[in-house]
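What follows is one structure encoded as structure tokens, with my remarks underneath.
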Amino acid sequence: MGYKAQFRVWRGDDESGELRDYVIEVNEGEVVLDIIHRLQATQAPDLAVRWNCKAGKCGSCSAEINGKPRLLCMTRMSTFDEDELITVTPMRTFPVIRDLVTDVSYNYTKAREVQSFTPPPDLKPGEYRMQQVDVERSQEFRKCIECFLCQNTCHVIRDHEENKEAFSGPRFLMRVAELEMHPLDTADRRDTAQDEHGLGYCNITKCCTDVCPEHIKITDNALIPMKERVAGRRYDPVVWLGNKLFRRSSKKS
Amino acid sequence: MTVGINAPGRARISVRNLRTDRWWLPPLLTNLGLATFVIYATVRSFMGQWYWVNDYHYLTPFYSPCISESCVPGSSHFGQWIGELPGWIPMGFLALPFLLGFRLTCYYYRKAYYRSVWQSPVACAVAEPRVKYSGETKFPLILQNLHRYFFYVAGLVAVINTYDAIVAFHSPDGGFGMGLGNVILLVNVIMLWGYTLSCHSCRHIAGGRLKHFSAHPLRYKLWTLVSKLNVRHMQLAWITLGTLVLTDLYVMLVASGAISDLRFV
Amino acid sequence: MTQVERHTYDVVVIGAGGAGLRAAIEARQRGLRTAVVCKSLFGKAHTVMAEGGVAASMGNANSNDNWQVHFRDTMRGGKFLNNWRMAELHAKEAPDRVWELETYGALFDRTKDGRISQRNFGGHEYPRLAHVGDRTGLELIRTLQQKIVSLQQEDHKETGDYEAKIKVFAECTITELLKDGDKIAGAFGYWRESGRFILFEAPAVVLATGGIGKSFKVTSNSWEYTGDGHALALKAGATLINMEFIQFHPTGMVWPPSVKGILVTEGVRGDGGVLRNSDGKRFMFDYIPEVFKDKYADNEEEADRWYTDPDNNRRTPDLLPRDEVARAINSEVKAGRGSPHGGVFLDISSRMPAEEIRRRLPSMHHQFKELADVDITAEPMEVGPTCHYVMGGVEVDPDTAAAKVPGLFAAGEVAGGMHGSNRLGGNSLSDLLVFGRRAGTGAADYVDGLTDRPEIAQSDVDKAAAGAVLPFDPRGGGVEENPYTLHSELQQSMNDLVGIIRKAGEIRQALQKIDEIKARIPNIAVEGHRQFNPGWHLAIDLYNMILVSECVAKAALLREESRGGHTRDDHPAMNANWRNKLLVCSTDGTDVSVVEQPQLPMRQELFELFEIGELEKYYTGEELAAHPGRKA
């Protein structure tokens, strides 16, 4: 059943590092994280890797396998040929701490900048009424396990460190969309989406959707609808003219 | 070369990407596909002939609506509003810029050409070649936000194309007629509707902009329908490029006499 | 003197799962400066793994439901060994805690009239579990996480600093609680990332560290579940109760080996999935215990009717309490009627259309597809018992969640008593919310009532620091030990000898093994340096696991009966004389001792919620003398 696989794992810290080769046993039904754990237990006890649930539910073990952003626990070894060299590196958008572990604090900073759920002030607990069809869109986005693979793959920050300031990334633009579509949220988030979270930087090239382990349609269901909502408010010539002429602020639908 | 993945603090990996699959293939195919269409469409738009088959009233979509006195008699379904055009203005000048704009600002095509032409990024987790990136925050790309208005016009053009397809059920003796050309025109126009209505802006207008679907059951239904189509937006985008070329080519071949239309009725 | 980063807080919450976050929210809302310390990143706690839902008698799906029914179900599920006051508070307060989540932004699945939808679950008389598909735990943790962010935004508006009043210390492990006299004075730990030491000076500490599953080989728990809170409490002088009761969830994945133990939600059965053996037989009908005969259907027709007409039919035995189902599966496998990989079949594919399965159980569909290459809409799953939850934990005051040590509080899985000998599905998430909040209040009241703040002795800090780095410089003098090897030996031993079915001889063997491992622990040697070193982290966690395992084994040996999450092959029956006895575990620093302690009798009006006929199955005649049914 088992065979020896060729692994190449990035070892290092924020100052230096290298891709190191290992030959390691693989058994039937295993995922890449199993192999990393076997490396820890047998050849590299100090190999740093972040993981938790090992079932694709917590989003801790994000890394890049053969250059593709993936969860280590959800990448089955059977998807590779037995003689294939498997390269595992940390996510390349965030500062590395050690080996496969990166500093993802950027994401927590951005999370804090999204205005929280803002319910009607007079609505009491227990009195919330919402229809299933009205919550479904936001529910899709709440499937997010915050693995930050979408943030990692997004070229806006992956390839342009300086954009991290202005751009919140797909995960948190999706959070804005989630609240914008929440049936009981009263805040208008269209301006902040554009001005504070950098929606305009997104060029909808869909890598976030491609890598999402939860298969959330981030681009089609969150980012583009958000762009459309912003367009309706900011780039509609009729609205624009009306605002100029009557100095009114456009009302939310 | 980009500083992004080599920015201070990130893992020092010298190669720009470690992907082992053929990530360059999809953008290459996209480039070839788009280039083929652009070249064909440009040549045909400026050709100024073989766009109308008088016997069967076939009009190629590239010349519709034909509203100048340059248009051959019969091809101007909506009258001739202006005089003769110089040769460097295509006869379909009224609709073409909007159709071009509709497709240029289309969310799918944006993805396609940002990836393949602009290489920003050429594939996921493959470093892009540019140092600076501001996305769609500045002129001219901020104009991508006008997609919705191109959609409105594209809807009108689709109505015109539909009319063209209907009046094409014509026989040389003036009565009802039908040939292979009709089938092609019809399929093309159905696909054009599919592409137009599956557009993300249409999805937004149909119901996506609402906060409470439950308060608008009809629009929710509409949104659900458009959403289903929207999943196929990419396929429809490519299919319609194909059907447009095929329709035009067929009309050209019949109009020029290179082939004769296969008549059913 | 050791180099230590120092922080001063009013309350330190250890653990950022549901209970920890709810406690932190409460403490912060009471105006206290609160720190949340967790081993993982913020938002990754094990609560995300909870699938089925939050039990709360809101009565949205069946208006007959109320707190009394929920209370009865909980006591029944725990075989009347529960701390009845906790069960009472839990049943009464759960609906408010769920509704509160909606004000934080949670989006539960809805009923037709727009209220929170509730689903059926094992041991619950009515559909009671508020849920979001099968990812309720994720919704809960994200909601609480986002509430913390919202509180931080308020603080930012006021002070310009997001972390003025509440700060999350992620990837930080607490290794010792420090005291001033008999009172809690703070907590000592290290940053996992850098290995640097950190000290919290705080008069109140809330333990919310979850369970102990990582001491067992087959478990649904993540690496974090190493019994840290249990061990910290013990070492600080607090007591643990009910440690012999460990819930083996009946349905964990059994194949492939690398995912063995990962949970398959009870929601599969709640929504119509049935258990079958290799003959295709729905074997659960053969395993209905006497005490449940009047509540569970004895034939397939009635069981199937129950899904649509629960008022006129008895429920399916597939939804018996977890301990019963786990034992039944165990028996079927032992009798040779198991599935190819040593489990039984859980079939939903033949019970509803594929589309419906994908809609109702999306993450199960996803999990089997991705991890086992099994399409649950087309074929049955293979499942078997997996170590899931420890009913035992820190002995606390029900109203304030205070442990025996002043300043120490515990909530969630790390606290004991609430679930008795067996926890009902869905009662965990509600437990987190109800007692998380109470621990926050308890800690706040305690801090408010203090006249002066306790102080930490430098010598204690130095001692804690020296203990933490021991694995880099082993003192045992014997052969160097690998922490991974020791860990897997412990897991194997606990799994085989103190697992789902226990015998006195085997438990003694396990205790011997524990002694042996204890002796080898000083020889643990880890390579490399302190920066994010998993070998070192495991070595430190291993101290906790071994301590807690000893409590489990010793208590399991003492309790000579079978009840809930404790099944003794040599004492297969439940014994009414044991119902009232709690086994309390404590340590003097070197040895672990377990002693009996009687439970307080139930308050009369609660007692009278049960019919005498039912109580007779659990209570001794003497205890029942005061019941009106007996007096009449």
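General observations
- Matching entry among B:Tyr114, B:Tyr133 (being buried (at least 17 other Cβ atoms within 10 Å of the Cβ), more than 17 Å from the chain's Cα centre (by Cα) and free of Cβ contacts under 8 Å to residues at least 24 places away in the same chain): B:Tyr133
- Leading residue by the ranking (farthest from C:Glu102 (Cα to Cα)) among those in the range A:91-131 that are among the charged types (D, E, K, R) and touching a helix residue (DSSP H, G or I) at 6+ places or on another chain (Cβ under 6 Å): A:Arg92
- Flag if C:Glu355 is surrounded by 14 or more Cβ atoms within 10 Å (Cβ to Cβ) and among the acidic types (Asp, Glu): no
- Residue list for the range A:49-72, restricted to those being more than 11 Å from chain B (Cβ to nearest Cβ) and under 18 Å from C:Glu171 (Cβ atoms): A:Val49, A:Arg50, A:Trp51, A:Asn52, A:Cys53, A:Lys54, A:Cys58, A:Gly59, A:Ser60, A:Cys61, A:Ser62, A:Leu72
- Residues of the range C:283-296 classified as surrounded by fewer than 20 Cβ atoms within 10 Å (Cβ to Cβ) and either more than 26 Å from the chain's Cα centre (by Cα) or of a type in the set (A, V, I, L, M) (or both), total: 8
- For the range A:151-179, a residue qualifies if it is more than 10 Å from every other protein chain (Cβ to nearest Cβ) and either touching a residue at least 40 places away in the same chain (Cβ under 8 Å) or assigned to a helix (DSSP H, G or I) (or both), and the qualifying residues are A:Gln151, A:Ser168, A:Gly169, A:Pro170, A:Arg171, A:Phe172, A:Leu173, A:Met174, A:Val176, A:Ala177.
- Counted residues, the range C:102-123 - those being modelled with pLDDT of 95 or more and under 17 Å from C:Asp65 (Cα atoms): 5
- One residue alone among A:Val114, A:Val104 is among the aliphatic types (A, V, I, L, M) and in contact with a strand residue (DSSP E or B) (Cβ under 9 Å, 6 or more places away or on another chain), and that residue is A:Val104.
- Residue selected from the range C:101-113 under the condition crowded, with 19+ Cβ neighbours inside 10 Å and in a helix (DSSP H, G or I), by the criterion nearest to the other protein chains (Cβ to nearest Cβ): C:Glu102
- Helices (runs of 4 or more DSSP H) lying entirely in the range C:291-396 (those with 3 or more residues that are within 14 Å of chain A (Cβ to nearest Cβ) and at pLDDT below 90): C:362-372
- Here the range A:12-25 is the region considered, the condition is being of a type outside the set (Ser, Thr, Tyr) and more than 10 Å from every other protein chain (Cβ to nearest Cβ), and the residue that is surrounded by the fewest Cβ atoms within 10 Å (Cβ to Cβ) is A:Val23.
- Whichever residue in the range A:65-96 is within 23 Å of C:Ser363 (Cα to Cα) and among the aliphatic types (A, V, I, L, M) and, among such residues, is surrounded by the most Cβ atoms within 10 Å (Cβ to Cβ): A:Leu71
- Filter result for the condition that a residue is in the same structural domain as A:Pro170 (by TED's automatic domain parsing), at pLDDT 95 or above and of a type in the set (Val, Ile, Thr), over A:Thr89, A:Thr118, A:Thr93: A:Thr118
- Scan the range A:197-244 for residues that are among the charged types (D, E, K, R), at the interface with chain B (Cβ under 7 Å from one of its Cβ atoms) and under 13 Å from the mean Cα position of the chain (by Cα) and the total you get is 2.
- For C:Thr620, the criteria (1) in contact with a Pro (Cβ under 9 Å, 6 or more places away or on another chain); (2) in contact (Cβ under 8 Å) with a residue 24 or more places away in the chain hold in every case but one, which is (1).
- Residue within the range A:102-117 that is facing another protein chain (nearest Cβ under 8 Å), part of a strand (DSSP E or B) and buried (at least 23 other Cβ atoms within 10 Å of the Cβ) present: yes
- Residue match in the range C:224-235 (condition: in contact with a Lys or Arg (Cβ under 7 Å, 6 or more places away or on another chain), of a type in the set (Ser, Thr, Tyr), surrounded by fewer than 24 Cβ atoms within 10 Å (Cβ to Cβ) and part of a loop (DSSP other than H, G, I, E, B)): no
- Condition met for A:Arg8 (away from chain C (no Cβ under 14 Å) and either modelled with pLDDT under 95 or farther than 23 Å from C:Lys39 by Cα (or both)): yes
- Restricting attention to the range B:1-28, the residues that are within 39 Å of the chain's Cα centre (by Cα), under 22 Å from B:Lys132 (Cβ atoms) and either at the interface with chain A (Cβ under 7 Å from one of its Cβ atoms) or in a loop (DSSP other than H, G, I, E, B) (or both) add up to 7.
- Filter result for B:Val126 (within 13 Å of chain A (Cβ to nearest Cβ), among the aliphatic types (A, V, I, L, M), surrounded by fewer than 19 Cβ atoms within 10 Å (Cβ to Cβ) and in a loop (DSSP other than H, G, I, E, B)): no
The values are calculated or read from the model by the stated rules, or taken from the named source; none is laboratory data. Since we're looking at a predicted model, the values are computed, not measured. Glycine gets a Cβ as well: all are built from the backbone with ideal geometry, and neighbour counts include every protein chain shown.
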